Structure formats: structure tokens, C-alpha cells
Number of protein chains: 2
Amino acid sequence: MLFDGHLMPATGLANDSFLRALMRQPTPRTPVWLMRQAGRYLPEYVATRRKAGSFLGLAKTPDYATEVTLQPLDRYDLDAAILFSDILTVPDAMGLGLRFVEGEGPQFERPVRDEADVAKLRVPSRDSLRYVYDATAQIRRALVRADGLQRVPLIGFSGSPWTLACYMIEGQSSRDFQTIKTMMYRRPDLLERLLDVTTDAVIDYLTAQIEAGAQAVMLFDTWGGALAHDAYRRWSLAHMARIVRALPREQAGERVPNIIFTKGGGAWIADIARTGVDAIGLDWTTDPAVARAAVGHCCALQGNLDPSALFGTDEAIRAEAAKVLTAFDSPRTPGHVFNLGHGISQFTPPDAVTTLVEAVHAFGRGPGFPSSAPA
Amino acid sequence: MLFDGHLMPATGLANDSFLRALMRQPTPRTPVWLMRQAGRYLPEYVATRRKAGSFLGLAKTPDYATEVTLQPLDRYDLDAAILFSDILTVPDAMGLGLRFVEGEGPQFERPVRDEADVAKLRVPSRDSLRYVYDATAQIRRALVRADGLQRVPLIGFSGSPWTLACYMIEGQSSRDFQTIKTMMYRRPDLLERLLDVTTDAVIDYLTAQIEAGAQAVMLFDTWGGALAHDAYRRWSLAHMARIVRALPREQAGERVPNIIFTKGGGAWIADIARTGVDAIGLDWTTDPAVARAAVGHCCALQGNLDPSALFGTDEAIRAEAAKVLTAFDSPRTPGHVFNLGHGISQFTPPDAVTTLVEAVHAFGRGPGFPSSAPA
């Protein structure tokens, strides 16, 4: 089912629509995957996590990470797999001591608070993150079907330097980011140094994921939206731009597209596009038509259904999905990957995802659809 | 110090720059007030709250509400007072049972969950909110100086219908608003009914505040930014637009300007402007130059310093304030009220506010400033 595009994406893929959409090439239907698609809303995930003993046990054991990565693909007709991991693996490997406290989210035992803490930060060795690269390679192998074709491409990812810095300095999630912002307004030099080394670490981390088999990579800038508009450019976007420039564009002759997702960053996507990134993730507050007008066709767009729409009736889910697809003029206008505007809620009924994925794939495939399109 | 503008705002004011700026009239310096300026960062507020026994004791006793409303004016050279109250007074008066649990924020004992709960909702009697109107009148009187002039204008306010609905249905603050969004996608008719009656209630509430002495009114749409772009228009903005249309434009011959503040609503301000509102509050993620380009000069803009800048050095505070003022071209271009982009943090050092207010007032008053400007 491969097209003869001039930029041929990864070969050997049974379904390459996700990579094609990231490269703004036509696809017969809109590709869809969901942020946090391997997660607690799936009973099979909960069962594997129970076997693993903990979230970190799951993420740090390639067998388990592979198992849960594939679970949503077995249940739904998704067009991409995403490495099961956590955004905080890099600072954990820097020695900050990641732990998950039930009901409170991730925490670092040794947050970065002063000059001495910052001075100690180093790019982690590849060995310290070997479990991630091993999982990546193992998932790649597990995605290959009996006929030798890979079911769907595998996405690698990292937290953005700013988002990692938020956790590294605050020690946990925060409502107003008082500690890191105090550093920003009192010791910008320290924050700059922390971000520089973290950016170097993310570059090495994503490069290693690509070498291990990730076919696209995504930066999750979960907390970029907490910054003032000008501060965002300096403290988050500039570092993501350096990552985009530094990442290998190809691996084994295949283009490896990249995606930046800044939650709450809808007003800044023209600036994000200028980094040269291949695709921009949109949260659900952003009007796709406005986003498209802002960036033109220089990059693909990914998103952006409100995850809460999955609590609706099947009829509401279909209607909301159709609104998103219509706003992107997808799949008629190339360059759209359907996704939620944020990670799927743990309380989502699994059947709602079936309804959604089917609705996305069926959209625009009425009688008017070119009959030559591969099914 | 009154100008001879064609739209004369409230008379008898020693300082009317806030009202003038809301009406896009020139002011000699940029007026400034701070959301939540009467609050926990002030030791005198903490002392009064201790006397009152609780937050609700404070808000429901006009003597105390008056006392804390005036505290920030005695400490800082602010250009407006804002009624001390809570955004959740209206649903409380609807019988939902507001309570404050230490460390957890506001909660309702009887949240609205089903058709029967919605059917019971009524516009509260004015008597049930008498304490708010009494406080408003008492604060107005307390603002009058020995020479008979009122120090600064008094702002009244309410939560937006959508924001009130979030608390009414969730029962408390929420990270993802699952309950209200489930209603939105399953029983939109119920949510519509709840919002309709809540909108009627807010209209009556703000009208009564204006009759009691509020000289400007503001809608706090704290949770509008949790909505998808199109959902925002239907579920939040449409109801705020009805309020703007219904409110009295004048009281005792004086124009009473209104302000809409949707946190996270920076991308939607052209739509907000179309409601006919006099001013739009901006959070700190919004670039003032972009906002001005979006709305032109059809309304004033209020904002938008990151509240965390107040954790910075005095030098950083002055620099950040100057950046905001420069971006608004304020006070040279009329129609800007300086504020934070969100409520002031309880951890703010009080002296930082002194630095900020002085910096705002001093800005643009160099040798080039017209010598005829009143000091």
C-alpha cells in the first residue's frame, strides 16, 4: 500500500500513513494515534502493571514496556505505536531519584535547587538509559508481522528541556512553578546552565532512541504553556529548536520526522514552525483553521480532540471527531495526524476509543473518495 | 485632576485613571491594580481573617470585607479597589453549600449532578446575597477621603457562568473537568439549562452590585480556557455576551464599564471583543502586541505580568513591568490597565508589590512626558 512519494518514508511498513502525514504527503485516510494510548484506561495495561509491581518497574523492563506498547494496537486500528516510557527518565538518569507516589504523580528525591546542584548535572551515560533503548529495539522487532512487514511505525519521545527543568527544580508537578520561576527571575544564569545540559542530554537521548529504532520522535513540552509569551521563546522554544537542529534527520536511509507539542502553546505555533520541526502538536483549545493559517503548509499538524469528548455518547464522539477533521480539511489536505489534544484520561471507557478510531478512519471515505485509493 | 473627556467617568473621584483607561481615554500614567490584591500575601489580611475566623466569615461580614478591601490601598498606590468577595457566592446562594476545606480550596456540599438538581436551581433572592451588596455600599463610603473625593473607583465582580458551572457540577476545582464535560457531551440540554439560570443569576448579581456602588464590573472566567475553541464560544462566551448586553451601562449618570477575563483565552480575544465588552483581561501567556492587533482599539486591555515575576529581584520586576508596558505602548496609547495575568500568589513578598506599582507609575514619565500632565 505504499505511495510513490518523492520522500519515501520507512520501508517495510504495512501502514506508513502516520509517517506520510508527518511529511505532508497524501494518505488515503487520516492516521490516528492517542497520546498515552498505552495506559490505565486499558484493563490489560493495569494487569501488566500489576505484574511489574510499579510504574517504574513497567517502564524499566523492556519485556513489560514492549507488552504494554503493543496492547492498544491489538485492541484498536491505530496508525502508530509509541514507546512506553516516562518523560522523566533523563533527569532520573542524571541522579535525581525519580519515584512515583500513589495519587501524587512523579517526584524527585533530590531536586535541583542551587548552584552546586546545577554544577553536578551531566549528560547521562547511554548505559544509564540502556533500558529505554533496549525497549525501543525490542518493540521495533515485536511490531513486525508474520509476513515480515512492520504493522505501524514506532514513535520515540522525550520531555522538553523546560518541562524536565520544571520537575527537576520543583521536585514534582506544580500549580504555579514558583521555584523554577524564582530561579528564572533571580538566577537566570543557573537556569540557563541547567537547560543547556538538559538539552544536550535530550539530544543524546533521542539520537539513541532513533539509532535503536524510533521512526519519529516527539518532544512533550507539557509545561511550556506556563510561561509568558516572551519567556516561552527563551526558556522553552530556543532549547527545543536546538534539539530539532541537532537530531539526525535520517536513520538507515529513512527520514525520521519530529514533532513538538507545547500544551497551551496554540498562540505560538508560527514560532514553533520556524524551528524547522516537521509537525506541531495542538491542544484542544487551538482552532485548527487558525493554526493552519499561522503555519501554512510548512509543517504537519497533530491533534486535537478534547480528551473529555471520549466521555460522550458514541454520537457525540463521532460528531466531535468530524468537527476536528473538518477543521483540518483532513484527509483531503495532507499533513494532519489525528490525536487528542492531551493524554487520554485513565477514566476513558475503552469502547469509546473504538468508536473514535473508526470514525476517524471512515471520515471522508464516502462515495466521493477516489476509487484508486488503497483501502 | 479630571480630564475634559467626552465620556466623563464617575465624578468625585480623586483618581479616575482606571475608569478612563477602560474607556480608552488618555491617562497621565498607566493605572494599576492586582487581581486578588486583598489577599494572603498581606500580613494585615491574615490578621483580619484570623479575627473573622474563616474566609467565609470574612467575605460575609461587610465590616471585615471593607477592612480587607482597603488594606492594599493603604499600603500601595493602586488605582482601583476591588470588592472583597468570592466568585462562588452565587451558587452558594442557590443552596449548594459553599465551604472551604483547608488546603483544598472551595467545595460545594451539594453539587449539581442530575436533571432534578438542575430543575431546582433558581436565581437567588437579593436578600440571600445582601451581604455582598452591603459590603459594596460600605466600601464605596469608606473610599471617600476627608476632602469628600473618592480615592479610587470600586470594581465589582462575579465568576462567569461557565466557571460557576464547573464548580457547581464538579463540586470543587478539577484538573480535567470530567464531570461537567461528560454532561456537556451526554446531556447538553441540562448544561444549557444550568448555564441559563446561572447567567440570569449573574446578571441580577452584578446589576445589584452596580446599584450598590460598583463602578466597573469584571467577569472572572477562570476555567474558560479548559474548553475547546468552539466549545468556549458556545459554553462560556455566549453566556458572558448575554451578561454584557444585559448589564446597566450607567448608574446615576456614570458609565459603568465591564471587563471579561478568560484565563487561557488569549487566542479568542477577537471573539470576546465582539461581545461589546469595554475591556479584556489578558493572562501572561498572551503577547499584548498580538492582542492589540486582534482587537484594535475597540476595547481596552488589562494585564498581563506573570505573577511569578514578583518573586524576582527588584531589578527583574522593573524590567518585566517595563516589557509589559512597552508591549502595550502604555501609557502613550490609551486603553491599558496594568495588572497581573492572574491572581497574586499568597507567597509574594509584599515589598515586591511596592516595587511593581512604583515602576508602572514611573514608566514613560521621563523628560519627554507632557509637562501639563497632572502628577
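Things to note:
- Residue that is surrounded by the most Cβ atoms within 10 Å (Cβ to Cβ), among those in the range A:242-265 that are farther than 25 Å from A:ARG140 by Cβ and either touching a residue at least 60 places away in the same chain (Cβ under 8 Å) or more than 16 Å from the chain's Cα centre (by Cα) (or both): A:THR262
- Selection within the range A:137-157 - closer than 28 Å to A:ILE260 by Cβ and among the hydrophobic types (A, V, I, L, M, F, W, C): A:ALA137, A:ILE139, A:ALA142, A:LEU143, A:VAL152, A:LEU154, A:ILE155, A:PHE157
- Members of the range B:129-177 that are closer than 15 Å to B:TRP235 by Cα, in a helix (DSSP H, G or I), of a type outside the set (A, V, I, L, M) and within 14 Å of chain A (Cβ to nearest Cβ): B:TRP162, B:CYS166
- Selection count, the range B:201-233, where residues are within 14 Å of another protein chain (Cβ to nearest Cβ), crowded, with 24+ Cβ neighbours inside 10 Å and of a type in the set (A, V, I, L, M, F, W, C): 4
- Screening B:LYS120 with (1) surrounded by 16 or more Cβ atoms within 10 Å (Cβ to Cβ); (2) at pLDDT 95 or above gives one miss only, at (1).
- Filter result for A:ARG36 (assigned to a loop (DSSP other than H, G, I, E, B), out of contact with any helix residue (DSSP H, G or I) (no Cβ under 8 Å at 6 or more places or on another chain) and under 30 Å from A:LEU325 (Cα atoms)): yes
- Filtering the range B:92-110 to residues that are at positive phi and either touching a residue at least 24 places away in the same chain (Cβ under 8 Å) or surrounded by 14 or more Cβ atoms within 10 Å (Cβ to Cβ) (or both) leaves B:GLY95, B:GLY105.
- Conditions (1) more than 9 Å from every other protein chain (Cβ to nearest Cβ); (2) crowded, with 21+ Cβ neighbours inside 10 Å; (3) β-branched (Val, Ile, Thr): number failed by B:THR275: (2)
- The residues on offer are B:THR198, B:THR285, and the sole one that is of a type outside the set (D, E, K, R) and either surrounded by fewer than 18 Cβ atoms within 10 Å (Cβ to Cβ) or in a loop (DSSP other than H, G, I, E, B) (or both) is B:THR285.
- Scan of the range B:335-359 for residues that are surrounded by fewer than 17 Cβ atoms within 10 Å (Cβ to Cβ), away from chain A (no Cβ under 12 Å) and of a type outside the set (D, E, K, R), ordered by number: B:PRO350, B:THR354
- Considering the conditions (1) in contact with a strand residue (DSSP E or B) (Cβ under 8 Å, 6 or more places away or on another chain); (2) surrounded by 18 or more Cβ atoms within 10 Å (Cβ to Cβ), A:PHE84 is excluded by exactly one of them, (1).
- Looking only at residues in the range A:61-71 that are touching a residue at least 40 places away in the same chain (Cβ under 8 Å) and of a type outside the set (Ser, Thr, Tyr), the one that is nearest to A:GLN37 (Cα to Cα) is A:LEU70.
- Residue in the range A:320-332 that is within 13 Å of chain B (Cβ to nearest Cβ) and outside any helix (DSSP H, G or I) present: no
- Residue in the range A:252-262 that is within 14 Å of another protein chain (Cβ to nearest Cβ) and out of contact with any strand residue (DSSP E or B) (no Cβ under 7 Å at 6 or more places or on another chain) present: no
The values are calculated or read from the model by the stated rules, or taken from the named source; none is laboratory data. Everything numeric here is computed off the predicted structure, so don't read it as measured data. Glycine also receives a Cβ, built like all others from the backbone with ideal geometry; neighbour counts cover every protein chain displayed.
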